[in-house]
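> One structure is given below, represented as structure tokens, and several questions about it will come after.
The values are calculated or read from the model by the stated rules, or taken from the named source; none is laboratory data. In this text the structure is predicted, and so the values were computed from the model without any measurement. Virtual Cβ from ideal backbone geometry, glycine too; neighbours counted across all protein chains shown.
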Amino acid sequence: MRWVKHMSNANKDDKLVSLRAAFGMWGIGVYWNLIEFVAEQVKEKSETAEATLIVSELLGFFGCKRNKLETFLECSQNVGLFSYQLNGNILKIDIPKMLDYADNYIKYEGKSLKTIQRQKEMSSKQDKNRIEEDKNIVRTHPQNALEATEYFLKIGGNSQDSSAWFDHFESNGWKVGGKTPMRDWQASARTWMRNKGAFSKTPIKPDPPMVRKVNKCISCFRPIPDSQTICEECETIKKDGKVVDVSELVNGLAKHFKGE
């Protein structure tokens, strides 16, 4: 721990007031020196604020005898400033509340507060830049059919328009004209709506009714079935697909034999 935070009015704390009343400013100085010794031994990710000190070194540093130091330690523990264990020349001090006032160097795993703030600012700028980049990126196709439907509704289309458009380009790998990769799916959707009429199917005209051709007699105009070669009513016959009057045929034959 690089440094220790404490309240600016710590001198008014009841525990320190009791310590000062018993030992004067010497006691206050010893207390804050012990705080520094403990903080120096607190490392990164420490779960306890403990320190192991050499009693003989402390006696020389504080300029006191052992009994006075022991009296000071006992008084400090009784008022709740810290707890300690004394074993010969070894003193162990534990100050649990010190972790509540640990500096940011410890809290952020060895990184100074300025470094943390600088990293946060950089991260914030990067996030903003990333958001702006995402806004400017034109995606080639929608994430799903629902996104496409929502956009079609915004531009005056409906779910059927969206389904037709989505299925069409989904099937051909999002290629315009089946060849060129799509660059802007929203622009494609708007174009689809403008050309909606051209995309609709042309109604198929029904085939004209079949008219059965029926041979008719040129004399009586009665129908003559294909299976018959002569009109039974007026004896008109069919010749080479044409209907011929029998009388005309007989006259023709007579002239032929007479040599006319």
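> How many of the residues making up region 1-29 are modelled with pLDDT of 85 or more and in contact with a Ser or Thr (Cβ under 9 Å, 6 or more places away or on another chain)?
Qualifying residue count, region 1-29: 5.
> Return a yes/no flag: does region 125-134 have any residue that is at pLDDT below 80 and either within 23 Å of GLY197 (Cα to Cα) or among the aromatic types (Phe, Trp, Tyr) (or both). Working first, answer last.
Restricting attention to region 125-134, the residues satisfying the condition of being at pLDDT below 80 are 125-134.
From what's left, either within 23 Å of GLY197 (Cα to Cα) or among the aromatic types (Phe, Trp, Tyr) (or both): none.
Among the residues of region 125-134, not one is at pLDDT below 80 and either within 23 Å of GLY197 (Cα to Cα) or among the aromatic types (Phe, Trp, Tyr) (or both), which makes the answer no.
> Where in region 45-98 are there strands (runs of 3 or more DSSP E), lying fully within it, with 2 or more residues that are modelled with pLDDT under 90 and of a type in the set (Val, Ile, Thr)? Let's see the steps before the verdict.
Values: elements: 50-54, 83-87, 90-94.
Here the list is empty.
> Could you grab me the full set of residues in region 179-196 that are among the polar types (S, T, N, Q) and either outside any helix (DSSP H, G or I) or touching a helix residue (DSSP H, G or I) at 6+ places or on another chain (Cβ under 9 Å) (or both)? Talk me through it step by step, then tell me what you get.
At the first step, the residues of region 179-196 found to be among the polar types (S, T, N, Q) are 180, 186, 188, 191, 195.
Of everything in region 179-196, those that are among the polar types (S, T, N, Q) and either outside any helix (DSSP H, G or I) or touching a helix residue (DSSP H, G or I) at 6+ places or on another chain (Cβ under 9 Å) (or both) turn out to be THR180, GLN186, SER188, ASN195.
> State whether the residues of region 141-154 include one that is of a type in the set (Lys, Arg), at pLDDT 70 or above and either touching a strand residue (DSSP E or B) at 6+ places or on another chain (Cβ under 8 Å) or not in a helix (DSSP H, G or I) (or both). Spell out how you get there, then give the answer.
Within region 141-154, the first condition is being of a type in the set (Lys, Arg), and the residues that meet it are 154.
From the residues that got through so far, the ones that are at pLDDT 70 or above too are 154.
From the residues that got through so far, the ones that are either touching a strand residue (DSSP E or B) at 6+ places or on another chain (Cβ under 8 Å) or not in a helix (DSSP H, G or I) (or both) too are none.
No, that holds for no residue.
> May I pose another question? If you check GLU121 against the conditions, is it modelled with pLDDT under 90 and in a helix (DSSP H, G or I)? Show your work before the answer.
Details: modelled with pLDDT under 90: yes; in a helix (DSSP H, G or I): yes.
Here the answer is yes, as GLU121 does meet what is asked.
> Starting from region 143-158, take each residue that is farther than 19 Å from TRP174 by Cβ and list its partners that are hydrophobic (A, V, I, L, M, F, W, C) and surrounded by 10 or more Cβ atoms within 10 Å (Cβ to Cβ), counting only C-beta distances under 9 angstrom and pairs at least six apart or across chains.
Within 9 Å, the pairs are GLY156/MET193; ASN158/PHE152.
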